[in-house]
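Below is one structure; the comments refer to it alone.
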Amino acid sequence: MMIDNNTDQNDEAMLNLAMIIDDHDISNFMAQQVLINSKIAKDTIIQPAGFSAINYLERNHDADELIPEIIFLDLDMPVVSGIDFLERFMLLPLTVREKSKIVILSGYDKRSELQKWVDNGTVIYYILKPLKPGHLRDFKASEVYQKMIV
Amino acid sequence: MNHDYRYLNIEYLYEYLDDNNASLKELINIFIPSIKKDWSLLVVAIENKDFDKIKAHAHKLKSSYRYMGVFSVGDTMEKIDKLAEGKDNINLIKILSIEALQIHEEIIEEVSDFLNNNP
């Protein structure tokens, strides 16, 4: 797990904690850089696998400051895929499910497979890789993000 | 500073990295071993005609090249990814991978040159 602190915070409204779940080193590095530069969240945690992310959320479910408000989730990972993660996420304590909202970050367009998580409010946004600064500018301008920072 | 490379798009990467040279070097230092590992896994998967693994490794390489701004090789990897999904056309997959591997060697030379000139 890697945590990076966004030190240039300037009073701009930001989330406290974001999590990136992806097994791809380059994607993680770039996503983290773009997240820092976009000032989405003050801190970023990287989880290199779906199972380690589930373990982290289970272990820390009662420590509010360690639960991310937003999770950037890759769908194509070995062992525990993004879809597997979503299934297991729904079994996590309510404290986690209510607080963490999920943005899908995938190289494939699999929106049609995610309808039930969109309908229940877990998945709030979809970004096709490669993640670019413009994607996060659009996300920050979106209604879903604006609701999160109120 | 000369950023005139055939494949490596430094200006594109600076846009991502907020013009931070240290971050760019860090990225390249992640890119080199990561891409070499994924290429070796792809080559083995092609030799074994293991289409599921070809698809998985080509998909990962596609993402890596696109993040680096090398879209031509990223597009070739996408073609391999799609061909592997059909579990056919191993000969075309081989041809595409050989072409991409030749370009990959030049990309490695370019990123190494960038690191050597930006100690």
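Check the range A:25-34 and report whether any residue there is at pLDDT 95 or above, open to solvent by 40 Å² or more (accessible area, probe 1.4 Å) and in a helix (DSSP H, G or I). Among the residues of the range A:25-34, not one is at pLDDT 95 or above, open to solvent by 40 Å² or more (accessible area, probe 1.4 Å) and in a helix (DSSP H, G or I), which makes the answer no.
Filtered by the rule that a residue be loosely packed, with under 13 Cβ neighbours inside 10 Å and part of a helix (DSSP H, G or I), the range B:32-57 gives B:Pro33, B:Lys36, B:Ser40, B:Glu47, B:Asp52. Go through the residues of the range B:65-74 one by one and say whether even a single one is buried (at least 19 other Cβ atoms within 10 Å of the Cβ), within 19 Å of B:Glu109 (Cα to Cα), within 12 Å of chain A (Cβ to nearest Cβ) and hydroxyl-bearing (Ser, Thr, Tyr). Yes, the range B:65-74 contains at least one residue that is buried (at least 19 other Cβ atoms within 10 Å of the Cβ), within 19 Å of B:Glu109 (Cα to Cα), within 12 Å of chain A (Cβ to nearest Cβ) and hydroxyl-bearing (Ser, Thr, Tyr).
Here is a list: A:Val118, A:Val144. Which entry is touching a residue at least 12 places away in the same chain (Cβ under 8 Å) and under 27 Å from A:Asp64 (Cβ atoms)? Please lay out each step first, then the result.
Numbers: A:Val118 fails: touching a residue at least 12 places away in the same chain (Cβ under 8 Å).
Just a single option satisfies the conditions, and that option is A:Val144.
Taking the range A:97-134 as the range and being more than 21 Å from B:Gly74 (Cα to Cα), open to solvent by less than 20 Å² (accessible area, probe 1.4 Å) and assigned to a strand (DSSP E or B) as the test, the residues that pass are A:Ile102, A:Val103, A:Val123.
Within the range B:75-119, the set of residues being among the small types (Gly, Ala, Ser), open to solvent by 20 Å² or more (accessible area, probe 1.4 Å) and within 18 Å of B:Tyr5 (Cα to Cα) comprises B:Ser112 only. Within the range B:65-92, residues that are under 30 Å from B:Ser23 (Cα atoms) and touching a residue at least 40 places away in the same chain (Cβ under 8 Å) sit with their Cβ atoms under 6 Å from residues that are open to solvent by 10 Å² or more (accessible area, probe 1.4 Å) and hydroxyl-bearing (Ser, Thr, Tyr), at 6+ positions apart or across chains, in these pairs: B:Gly69/B:Tyr12; B:Val70/B:Tyr7.
Entry remark, the range A:66-83: residues being more than 14 Å from chain B (Cβ to nearest Cβ) and at pLDDT below 95 number 2 in total.
Just to be sure before I move on: is B:Asp19 more than 9 Å from every other protein chain (Cβ to nearest Cβ), open to solvent by 10 Å² or more (accessible area, probe 1.4 Å), modelled with pLDDT under 95 and over 17 Å from the mean Cα position of the chain (by Cα) in the structure I sent? Don't jump to the end; show me each part of the working.
Working: more than 9 Å from every other protein chain (Cβ to nearest Cβ): yes; open to solvent by 10 Å² or more (accessible area, probe 1.4 Å): yes; modelled with pLDDT under 95: yes; over 17 Å from the mean Cα position of the chain (by Cα): yes.
Considered against the rule, which asks whether it is more than 9 Å from every other protein chain (Cβ to nearest Cβ), open to solvent by 10 Å² or more (accessible area, probe 1.4 Å), modelled with pLDDT under 95 and over 17 Å from the mean Cα position of the chain (by Cα), B:Asp19 comes out as yes.
In the range A:135-146, the qualifying residues are those that are open to solvent by less than 30 Å² (accessible area, probe 1.4 Å) and in contact with a Leu (Cβ under 9 Å, 6 or more places away or on another chain), and the one that is farthest from A:Asp76 (Cα to Cα) is A:Tyr145. Inspect all residues belonging to the range B:98-113 and state whether any of them is more than 9 Å from the chain's Cα centre (by Cα), closer than 27 Å to B:Ile10 by Cβ, of a type in the set (Ser, Thr, Tyr) and modelled with pLDDT of 95 or more. No, the range B:98-113 contains no residue that is more than 9 Å from the chain's Cα centre (by Cα), closer than 27 Å to B:Ile10 by Cβ, of a type in the set (Ser, Thr, Tyr) and modelled with pLDDT of 95 or more.
Quick one: is A:Ile54 within 30 Å of B:Asp19 (Cβ to Cβ) and buried (at least 17 other Cβ atoms within 10 Å of the Cβ)? Working first, answer last.
Values: within 30 Å of B:Asp19 (Cβ to Cβ): no; buried (at least 17 other Cβ atoms within 10 Å of the Cβ): yes.
Answer is no for this residue.
The values are calculated or read from the model by the stated rules, or taken from the named source; none is laboratory data. The shown structure was predicted, so the numbers you read here are calculated from the model rather than taken from an experiment. Using ideal geometry, Cβ is built from the backbone for each residue, glycine included, and neighbour counts are taken over all protein chains shown. Heads up: the accessible areas ignore ligands, DNA and RNA and are worked out on the full protein's heavy atoms, side chains in. Shrake-Rupley method; radii C 1.70, N 1.55, O 1.52, S 1.80 Å.
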